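Peer 1: Before anything else, here's the structure in question.
Nothing in this text is a laboratory measurement; each read-out follows from the coordinates by a stated rule. If you're wondering where the values come from, they're calculated on a predicted model, not measured in any experiment. All Cβ positions, even for glycine, are placed from backbone atoms using ideal geometry, and neighbour counts span all protein chains on display.
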Amino acid sequence: MTTISLLQDVALGITVPSRHARGRIARIGPTLDLILANHGYPPVLEQLLAEALVLTALLGSLLKDPSGQLTIQAQTEAGIVDLLVCDYMGGELRGYIRHDPDRLTEAGPHPSLFALFGKGYLAITFDQPATDERYQGIVPLEGEGLGEAAQSYFLQSEQIPSIVRLAARRDDAGWVAGGIMFQHLPEGEEGRDRLHTRLDHPEWPHVAVLIGSVKDEELTNRALALDDLAWRLLHEEGEIRTLDPVRLIKGCRCSADYIASVIARFPPEDHAQMVGDDGLIRVDCAFCATSFPIAIDAPA
């Protein structure tokens, strides 16, 4: 059995039975650099996408269905960033940002979340093919960052008290992003009689204070293992359980063969309109920033 390092490119589940709380810690390093490499975003957008990707890892690793998919999409009205999309499937992460370069330059080096998105909305979608379930929640993009927007999502859509902290920075080794998310379990989970979710449960403020004490440098410390970070934050509790870690890698489901098979379904007259001056049909993938040249006679 392959051992998964708990230092970076990994998500780790944690439960605190005595407090009826569960959480996830995630950190992305080299995988993050691979995702960002082809895009050439300005640093402020690289940091934004880094935080969005670690949030995606935190939420996606909650899926129990191995074939499940988690998608985060931020859309805006007249924002500098008009679209941000990230998704997770089986430990594979991908994401991209669409923005107005000129307006970003005018905004300066440290624009606020509101300056970037204006009036925006965050949509979080869980797809679980095994049970044929699909659920989406939408909340306004408000607060200081994506972490606060995610907290609002769980409170408004799920009525689950949650705390989310995200951080990202660039050092000599490249980009690194870390995040932690903890939630109060609804009554009935972990062996309890299901009643309802109590937003004022006395156990939750204690957990929220402990998790809220995490520092950005702890989340992004490549030398601090995630289980050690959990112990640092929660060592006062009688029992802390860790779940099987999930390896995080760059993943994009585009490929030349797949794109060729899709193009082959179109009639020949449509092919003629797609062909460029070089005699090839070129299809761009926004996620991996790669252009695929396809010959019109490519096999399906």
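Peer 1: Would you mind putting 262-274, 127-139, 110-122, 28-40 in packing order, based on average other-beta-carbon counts within 10 Å, highest first?
Peer 2: Packing proxy ranking, top to bottom: 28-40, 110-122, 127-139, 262-274.
Peer 1: Can you tell me the dipole magnitude for the stretch 1-91 around its Cα centre, using point charges on the Cβ only (Lys, Arg +1; Asp, Glu -1), in Debye to the nearest 20? Could you put the intermediate results ahead of the total?
Peer 2: On the way: 5 positive and 8 negative charges, 116 e Å.
Dipole magnitude for the stretch 1-91 comes out near 560 debye.
Peer 1: Given a 10 angstrom Cα cut-off, can you work out which residue in D171, D100, D244 is the most mobile in a GNM of the chain?
Peer 2: Greatest mean-square fluctuation among the candidates belongs to D171.
Peer 1: Write out the cysteines belonging to the chain for which the nearest other cysteine Cβ is not under 4.7 Å, or none if no such cysteine exists.
Peer 2: C86
Peer 1: Another question, then. Looking at M89, G174, H184, which one has the Cα that reaches farthest to the positive end of the dipole of the chain (charges on Cβ: Lys, Arg +1; Asp, Glu -1)?
Peer 2: So the residue we want is H184.
Peer 1: Just the number: Rg to Rh for the chain, Cα atoms, Kirkwood Rh, two decimals.
Peer 2: Rg/Rh for the chain comes to 1.01.
Peer 1: With r as the distance between the Cβ atoms of Q159 and R241 and R0 = 30 Å, compute the FRET efficiency 1/(1 + (r/R0)^6) and round to 0.05.
Peer 2: Numbers: r = 24 Å, r/R0 = 0.82.
Between R241 and Q159 the formula returns 0.75.
Peer 1: A follow-up question, please. When the Karplus curve 6.51 cos²θ - 1.76 cosθ + 1.60 is applied with θ = phi - 60°, which whole-Hz ³J(HN,Hα) does each residue of the stretch 11-18 get, with x for Gly and Pro?
Peer 2: These are the phi-based 3J(HN,Hα) values: 10, 10, x, 9, 10, 10, x, 5 Hz.
Peer 1: In addition: When a/c is below 1.5 the answer is rounded, else prolate if a/b is larger than b/c, else oblate, so apply that to the stretch 256-295 with a ≥ b ≥ c taken from the square roots of the Cα gyration tensor eigenvalues.
Peer 2: oblate
Peer 1: Please give the calculated 222 nm ellipticity per residue for the chain, where each DSSP H segment of at least 4 residues contributes -39500 (n - 2.57) and the sum is spread over every residue; nearest 500 deg cm²/dmol?
Peer 2: When only DSSP H runs of four or more count, the value is -7500 deg cm²/dmol.
Peer 1: How would R98, R170 line up from fewest to most surrounding beta-carbon atoms within 10 angstrom? Present the calculation step by step, with values, prior to reporting the outcome.
Peer 2: Working: R98 11, R170 17.
Lowest count first: R98, R170.
Peer 1: Using the beta-carbon distance between A272 and R98 and R0 = 22 Å, what value does 1/(1 + (r/R0)^6) give for FRET efficiency, to the nearest 0.05?
Peer 2: Calculated transfer efficiency: 0.15.
Peer 1: Kindly identify the stretch 1-160 as rounded, prolate or oblate by the Cα gyration tensor criterion: order the square roots of the eigenvalues as a ≥ b ≥ c, call it rounded if a/c is under 1.5, otherwise compare a/b with b/c, prolate if a/b is larger, else oblate.
Peer 2: prolate
Peer 1: Under a plain spin-label model, where a point goes 7 Å from the Cα along Cα-to-Cβ, how far apart in nm are V262 and R134?
Peer 2: 1.6 nm
Peer 1: In which sequence would K250, K215 go, from the one with the fewest C-beta neighbours within 10 Å to the one with the most?
Peer 2: In order of increasing Cβ crowding within 10 Å: K215, K250.
Peer 1: Something else: Have a look at the DSSP beta bridges in the stretch 10-250 and tell me what percent are antiparallel, nearest 5.
Peer 2: Taking every DSSP beta bridge within the stretch 10-250, about 95 percent pair in antiparallel fashion.
Peer 1: Counting other beta carbons within 10 Å of each Cβ, put F126, F182 in order, fewest first.
Peer 2: The fewest-first ordering by Cβ neighbours comes to F126, F182.
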